[in-house]
Amino acid sequence: MNAVEVHSLHKSFNDLDVLRGVDLSIPSGSIYALLGSNGAGKTTLVKILSTVLKPDSGKAMVNGFNVSAEPAQVRASLSVTGQFAATDAVLTGRENLELIARLRKLPHAGKIADGLLERFNLTDAAARKVSTYSGGMRRRLDIAMSLVGDPLLVILDEPTTGLDPQARIQTWQSIKDLAAAGTTVLLTTQYLDEAEQLADRIAILHEGTIIQEGTLAELRTLMPAPRVEQVVRQATLEDIFLSLVSPSANVEEGAQS
Amino acid sequence: MSIAALQETRILTGRSLRHILRSPDTIITTAVTPIAMMLLFVFVFGGALQSTGSEPYVNYLLPGILLITIASGVAYTSYRLFLDLSDGLIPRLQTMPISRSSILWGHVLTSLAANAASLLIVVAVAFLCGFRSHASFLAWLAVAGILAVTTLSLTWIAVVAGLSAKSVDGASAFSYPLIFLPFISSAFVPTQSMPGPVAWFAQNQPVTAIVDSIRSLLDGQSAGGSIWIALAWLVGLMGVAWVLSLVIYRKKIGA
Ligand SMILES: Nc1ncnc2c1ncn2[C@@H]1O[C@H](COP(=O)(O)OP(=O)(O)OP(=O)(O)O)[C@@H](O)[C@H]1O
Ligand SMILES: [Mg+2]
């Protein structure tokens, strides 16, 4: 079964045609990356899938439920981390997670919160108000909040924008863990390396439609055949930065998975 | 409302009550201005204003001061609601399988609790200033009821303001006219002492009816017809503000 099925979806704001016939199928249990530049309509598509916006025409199904006709079932089967962190700054990290767990009517909210805090390296900061968190910690908490209750589909709108490379890699690891546990992940991103690292399939949203879709290998065949060049591979800036700031980065990653 | 919606409202009310407990200064701040006004009017202007017989002026003044307390207290509701919208918490709740208006009800019930606390402080200070009441227990209950209905209506107006505000300052600006309204009513001086058109406005605006009925009840008399006029105004205002806020809310969250 496909977790997401979208057929000729249209959406415009006043006279701005943002989505002009989007078709998309996301296989259950996969990580799917939606690529697109600023203003391409990624967030608009996410909002339609999460029943926050109504499409003008076309059909969108999430986990077998129609977003227009069965919004309540759709909301019960997915979870969204929006593009901008959505946490309660006055509450502590643990209280934020417990709030979501209780709203989802899950028993043992405290236990669920503790598990997620540990998974996202937030245990030390659990009892602190979120207003004292750094941007990256807040983002991690934000993602953790969407994992409460193990939804079938997790949508992450630009999950790593604004994160430092370390936090980015930690977030990638959590996303991989999610998919390994069978959750379908739809993420939007502007970073090509992020899609390359994570995604089973990649779609490119451009000027209102999906102009390319496929696995990374399939997309590579669109490029001219690679030429063999003699290049000494220098360490990238990212390699250098990571080795300087985080001698323990690999250890932490290992401990997480 | 379904049982689930009630449960969600309870959880979200608990959350905003926690906000208040973490900044109890907001309750004090709400009470400070009305208390300062009360002291000013009783101890500075009181002698000149005394025109209501043997009762201490603070007895005459208190109902208006209580309304001013509520009017400044509800500004925090629009402020907090505005923050919930801009911090993204409300957008997140919209993607969850919960009743859509439970967050609004959470803020409204929290406002009821916070204003009750501020009102208690103001009444306690009024007693220190010489306020005395001849009211029976039932009359006190009726006063509490009127104040609760007043808080509810003004809070729903605050919800409209918080939902439609473009900035934090805009979110609480609506309360200034509400705080000012008691000055052109029977709250501080009898309306007969005002010039014609002003007196007409004062006699026909809701604050006078609310203030008069609370004053009579606290004085141990029957509130007469003014309580029904007051309730009609309050319930009418609440209904309009409630419908308006749901409409704006729907539009705002794009559903
Ligand atoms: N509520 C709205 N009213 C009017 N225009 C809107 C609205 N929401 C989005 N738009 C417009 O629709 C277009 C697509 O916006 P969207 O947020 O979906 O882009 P995006 O791909 O998520 O971009 P980014 O990478 O910057 O987040 C933009 O031009 C935006 O200005
Ligand atoms: Mg976006």
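Below are the figures for this structure:
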{"read-out": "Relative compactness, the stretch B:181-229, computed as alpha-carbon Rg over 2.2 N^0.38 Å", "value": "1.09"}
{"read-out": "Bridge type composition, chain A - antiparallel percent by DSSP, nearest 5", "value": "55 percent"}
{"read-out": "Fewest-first sequence of A:HIS10, A:HIS108, B:HIS19 by Cβ atoms within 10 Å of each Cβ", "value": "A:HIS108, A:HIS10, B:HIS19"}
{"read-out": "Per residue, the convex hull volume that the Cα atoms of chain A enclose (Å³)", "value": "148 Å³"}
{"read-out": "Modelled FRET efficiency - R0 45 Å, A:ASN2 with A:ARG233, Cβ distances, 0.05 increments", "value": "0.70"}
{"read-out": "Inter-chain shielding of A:48-58 (mean C-beta neighbours from other protein chains, 10 Å cut-off)", "value": "2"}
{"read-out": "Selected from A:ASN38, A:ASN121, A:ASN66 as most flexible by GNM, with chain A as the system and alpha-carbon contacts under 10 Å", "value": "A:ASN38"}
{"read-out": "Exposure proxy ranking, count of Cβ atoms within 10 Å, fewest first, for A:TYR32, B:TYR249", "value": "B:TYR249, A:TYR32"}
{"read-out": "Under DSSP loop assignment and at most 13 Cβ neighbours within 10 Å, longest trypsin sites (Lys or Arg not before Pro)-free interval of chain A", "value": "A:1-226"}
{"read-out": "Selected from B:LEU152, B:VAL168, B:PRO206, residue furthest toward positive end of dipole (the protein assembly as shown; charges at beta carbon)", "value": "B:PRO206"}
{"read-out": "Range of Cα positions in the stretch A:95-188 per principal axis (Å), largest first", "value": "33, 32, 18"}
{"read-out": "Counted charge near A:ARG75, where neighbours are those whose Cβ lies closer than 12 Å (Asp, Glu -1; Lys, Arg +1)", "value": "+2"}
{"read-out": "Between 0 and 90°, nearest 10: helix B:25-39 axis offset from chain B longest Cα axis", "value": "20 degrees"}
{"read-out": "Net +/- balance of residues flanking A:GLU95 in space, Cβ distance below 13 Å, scoring K and R +1, D and E -1", "value": "+4"}
{"read-out": "Per-residue Cβ neighbour rank within 10 angstrom, fewest leading, B:PHE183, B:PHE131", "value": "B:PHE183, B:PHE131"}
{"read-out": "Rough spin-label spacing in nm, given labels placed 7 Å along Cα→Cβ, for A:LEU216 and B:LEU120", "value": "6.2 nm"}
{"read-out": "Neighbourhood charge, 15 Å Cβ-Cβ cut-off, centred on B:PRO206 and excluding it, Lys, Arg +1 and Asp, Glu -1", "value": "0"}
{"read-out": "Most mobile of A:ALA113, A:ALA101, A:ALA127 in a GNM of chain A (Cα contacts under 10 Å)", "value": "A:ALA127"}
{"read-out": "Cα-based equivalent ellipsoid, the protein assembly as shown: semi-axes from gyration tensor eigenvalues, Å", "value": "57, 24, 19"}
{"read-out": "Assigned charges on the beta-carbon of Lys, Arg, Asp, Glu; chain B dipole about Cα centre (debye)", "value": "760 debye"}
{"read-out": "Extension gain, A:ASP193 back to A:ASN38 (0.36 nm per residue minus Cα-Cα distance, nm)", "value": "54.1 nm"}
{"read-out": "Kirkwood hydrodynamic radius over Cα pairs of chain B, then Stokes diffusion coefficient at 37 °C and 0.692 mPa s, in µm²/s", "value": "172 µm²/s"}
{"read-out": "Angle between chain B longest axis and helix B:137-164 axis [Cα atoms, degrees, rounded to 10]", "value": "50 degrees"}
{"read-out": "Estimated dipole of the stretch A:2-226 in Debye, rounded to 20 [Cβ of Lys and Arg +1, of Asp and Glu -1, Cα centre]", "value": "600 debye"}
{"read-out": "Helical segments meeting 20 Å axial Cα length and Kyte-Doolittle -1.0 threshold in chain A (DSSP H)", "value": "A:165-180"}
{"read-out": "Listed residues A:GLY182, B:PHE183, A:VAL52: farthest to the positive end of the dipole of the protein assembly as shown (Cβ charges)", "value": "B:PHE183"}
{"read-out": "Crossing angle, helix B:75-86 versus chain B [Cα axis fit, 0-90 degrees, rounded to tens]", "value": "10 degrees"}
{"read-out": "Total lysine pairs under 27 Å (Cα atoms) in the stretch A:2-226, excluding pairs fewer than 8 apart on one chain", "value": "15"}
{"read-out": "Listed residues A:GLY115, A:LEU156, A:GLY41: farthest to the positive end of the dipole of the stretch A:2-226 (Cβ charges)", "value": "A:GLY115"}
{"read-out": "Size of electric dipole in the stretch A:15-137: Cβ of Lys, Arg +1 and of Asp, Glu -1, about Cα centre, debye, nearest 20", "value": "240 debye"}
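Computed from the coordinates by the stated procedures, all read-outs in this text should not be read as laboratory data. These numbers were taken from a predicted model, which means no experiment stands behind them. Please note: Cβ atoms are built from the backbone with ideal geometry, for glycine as well, and neighbour counts cover all protein chains shown.
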